[in-house]
Amino acid sequence: MVELYTSGVYLIRGSEMVKDNAEAEAKLKRLGVQVSKEDARKGTIAYGILSAHNKGGDDRNLRLKFDSLTSHDITCVGIIQTARASGMDRFPVPYVLTNCHNSLCAVGGTINQDDHVFALAAAKKYGGVYVPAHLAVIHSCNREMMAGCGKMILGSDSHTRYGALGTMAVGEGGGELAKQLIGRTYDMAYPQVAGIYLDGEPAKGVGPHDAALAIIAAVFKNGYVKNKVMEFVGPGVEKLPVDFRNSIDVMTTETACWTSIWKTDGAVKDYLEIRGRKGDYQELKPGETAYYDGFVYVNLSKIEPCIAMPFHPSNVYTIKELQKNPKDILAKTEEEALKALGVPGLKFNLGVKYHDHGVWAEQALIVGCSGGIFGNIMAAADIVKGASIGRDNFAMSVYPESQPTYLELVKNGAAESFMRAGVLMREAFCGPCFGAGDTPANGELSIRHATRNFLNREGSKPGEGQIAWVALMDARSIAATAINRGRITAATELDVSYGKYKFFFNRGIYDKRVYNGVGKPLPETELVFGPNIKDWPKMPALPDNLLVKIVSYITDPVTTTDELIPSGETSSYRSNPLRLAEFTLSRKDPAYVKKAKEVQGFEENRRNGRASAEIEEALKKIRAISGFTETGLSSIGIGSAIFARKPGDGSAREQAASCQRVLGGSANLALEYATKRYRSNLINWGILPFLIKDEKAFNPGDYVFFPDIKNAVQEKTAALKSYVIGDRTDVISVALGELTGAERQILIEGCLINYYAKELKKNYSQST
């Protein structure tokens, strides 16, 4: 079904695979291929697009400019505030501001709509695109209106993926968008490229989520494609409708890859032409010989309907496996959940979902950028047509990706089929994907064609005894389950006649409502600040010497951004840095905020020449170290730190880092970082992303002293000698990993805003 190659692979003429081993040279010669590995690397689709967007002279160290940017209403205010503070006076490229995350979540009164009003004013003032609430989810809008072959798009949402349309799209934290908004580049080493070779054709009833989950299961836990480009090639691509491809593509985020790209064909050309953008098509395919650093062979014909059990998209079984061995799988899922939660006395029983010869769910959703796509919804409509989901506790909702898609569902009768079956038709809204809509009841099992099923994401509050079990399934099997009143059922178990439906795109829906000010900024426009929209607080620069206290110590295998700063009801406060920070780690470590504030108070006292007994004791131990006998209160900075084994999986939200910084966070210590985007967020907010090898080198509550840290960052010191100040004083070695020159300077200045403010001041002084 899914095979991972243990070596790199040469792909010849798009179909012949040659493993990079001792026999490779001879095999290439027999095929008439004479090319170096480095030249073959230039044969990938990714190389051509990256080279075209690289504004530096070095093709190994990229300095990328994107064709357009996109954000939603959780992130856009903070990004614009950052860019304003850094000197932005207009949007230099098209910037699409969508309103699909906080369009229903009503926590905090008027503050969600206040953000929308701010975004519209910003689109007018700086020359951007404003998409009103309920019109489209962020990624569907960009697929329909912005993506095109050979383009690059940067978005402040982790699921920014338009690879199936020939666009390399990257989800990042807001700091990276702010850089683009003030004319700077996105800097990174040239990434490795993994070939994803699709072969065969999916069986009837198998959908894109089944294929996506199978791939995620094969590559996530082993990090096979982490921070790489996933390049989809092979004869199986042409066998998939574009909607099918889009639905797989958006899920590549859950593999921890950097981005994705697919070869394109006539189906993509038709997709763009239907949407009035024929000129955005070009054929993309690998060169005569292309070299891939990794290779994944996917036989689509052998993919079966899948279910990703709580609490990760990689926790995958076939539905057939679940039906055959339900008690053991449910028990294992429960055991893993209890271990991950770590809440003493928490009790639940997922095993009760197995009864009457089946596993039963209470809720079903088809939603968002992965599920709410036209092709998925139409297949589900064919299944539920003429049936009923019943009048018991089971409920189902469908959220079309955009109003143009919704209109087609009304015109072709699909909406009526759902409604007659008892299914609710909803608006374009991302909320169910992050816990701000259709939250299940405590203990319920919800099956969703959505992007994620992380713990702490879909309404769970373990500290308060609330658990929502969320599993991922394809829309087809969800519909099959629905007509069986909630009994988990694979769509392949049904004999369904699936129609072939042509999509008619009504651009007028957007033309009548979307504000498009690209290239037409109106600088006289006043920004509208609601009472919840606040500026970023001032961040201190990196001190010469740093003392941090480990205020949270997390030993989970992976820590998600949803655990670092919960989604759901907190989303409304994303434009208010201080208020949002009160929720930091609230569901994982409820004591964190109080402890971080205490350390923040130590630093405030230090600046005023005072020291608590705890700091005096730490200084006493530091002075006992050879070479530091003269270390005084004025020569150090004090901050808090978090240890986690592998933090940052999931969302691109910069608030997972900025909230730590607002509370006085100075460093993270980790065995590794789950994603590039989270590490970039830490750097952009002035948090030192330390790497350590031994998590037992310190304990919760210990201090770590980093002498001469500013100089170490400046001088690119590979290994930093540091000191654990606890019951005893121990020497440890930490590293910061690869950092660009700009990233080092950002850390030294204390954050991205400080870095650009200093540059503005310098430029002003030079000009006068």
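The values are calculated or read from the model by the stated rules, or taken from the named source; none is laboratory data. If you're wondering where the values come from, they're calculated on a predicted model, not measured in any experiment. Backbone-built Cβ (ideal geometry, glycine too); neighbour counts: all protein chains shown.
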Checklist entry - In the list 175, 200, 236, 207, which residue meets the criterion of being farther than 30 Å from residue 759 by Cβ and out of contact with any Lys or Arg (no Cβ under 8 Å at 6 or more places or on another chain)? => result 236
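Looking at this structure, is residue 402 in contact with a helix residue (DSSP H, G or I) (Cβ under 8 Å, 6 or more places away or on another chain), of a type in the set (Gly, Ala, Ser), in contact (Cβ under 8 Å) with a residue 40 or more places away in the chain and surrounded by fewer than 18 Cβ atoms within 10 Å (Cβ to Cβ)? Even if it seems obvious, please write down each step before you answer.
Numbers: in contact with a helix residue (DSSP H, G or I) (Cβ under 8 Å, 6 or more places away or on another chain): yes; of a type in the set (Gly, Ala, Ser): yes; in contact (Cβ under 8 Å) with a residue 40 or more places away in the chain: yes; surrounded by fewer than 18 Cβ atoms within 10 Å (Cβ to Cβ): no.
Spelling it out, it is not the case that residue 402 is in contact with a helix residue (DSSP H, G or I) (Cβ under 8 Å, 6 or more places away or on another chain), of a type in the set (Gly, Ala, Ser), in contact (Cβ under 8 Å) with a residue 40 or more places away in the chain and surrounded by fewer than 18 Cβ atoms within 10 Å (Cβ to Cβ).
Each row is one residue, and each column tells you yes or no for (1) more than 25 Å from the chain's Cα centre (by Cα); (2) more than 22 Å from residue 196 (Cβ to Cβ); (3) of a type in the set (Lys, Arg); (4) at pLDDT below 95.
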position: 41; (1), (2), (3), (4): yes, no, yes, no
position: 47; (1), (2), (3), (4): no, no, no, no
position: 51; (1), (2), (3), (4): no, no, no, no
position: 61; (1), (2), (3), (4): no, yes, no, yes
position: 66; (1), (2), (3), (4): no, yes, no, no
position: 70; (1), (2), (3), (4): no, yes, no, no
position: 74; (1), (2), (3), (4): no, yes, no, yes
position: 78; (1), (2), (3), (4): no, yes, no, yes
position: 82; (1), (2), (3), (4): no, yes, no, yes
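Among 290, 256, which is the only one that is aliphatic (A, V, I, L, M), crowded, with 24+ Cβ neighbours inside 10 Å and at pLDDT below 95? Full working, then the answer.
Working: 290 fails: at pLDDT below 95.
None of the other options fit; the residue is 256.
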Item to check | Search result, residues across segment 311-321 that are surrounded by fewer than 21 Cβ atoms within 10 Å (Cβ to Cβ) and either over 27 Å from the mean Cα position of the chain (by Cα) or over 17 Å from residue 206 (Cα atoms) (or both) | outcome: 314, 320, 321
Checklist entry - Can you name every residue in segment 119-144 that is in a helix (DSSP H, G or I) and crowded, with 23+ Cβ neighbours inside 10 Å? => result 119, 122, 123, 126, 138, 139, 140, 141, 142, 143, 144
Checklist entry - If you go through segment 726-747 one residue at a time, do you hit one that is basic (Lys, Arg), surrounded by fewer than 18 Cβ atoms within 10 Å (Cβ to Cβ) and within 27 Å of residue 614 (Cα to Cα)? => result yes
Checklist entry - When residue 648 is evaluated against the numbered criteria (1) outside any strand (DSSP E or B); (2) at positive phi; (3) surrounded by 23 or more Cβ atoms within 10 Å (Cβ to Cβ), which criterion, by number, is the only one it fails? => result (1)
Item to check | Among (1) of a type outside the set (Lys, Arg); (2) outside any helix (DSSP H, G or I); (3) modelled with pLDDT of 95 or more; (4) over 21 Å from residue 303 (Cα atoms) - the single one residue 225 does not satisfy | outcome: (4)
Checklist entry - Quick one: is residue 612 among the hydroxyl-bearing types (Ser, Thr, Tyr) and loosely packed, with under 13 Cβ neighbours inside 10 Å? => result no
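Let me confirm something: among 183, 195, which residue is at pLDDT below 95 and not assigned by TED's automatic domain parsing to the domain that holds residue 449? Show your work before the answer.
Numbers: 195 fails: at pLDDT below 95.
Only one candidate qualifies: 183.
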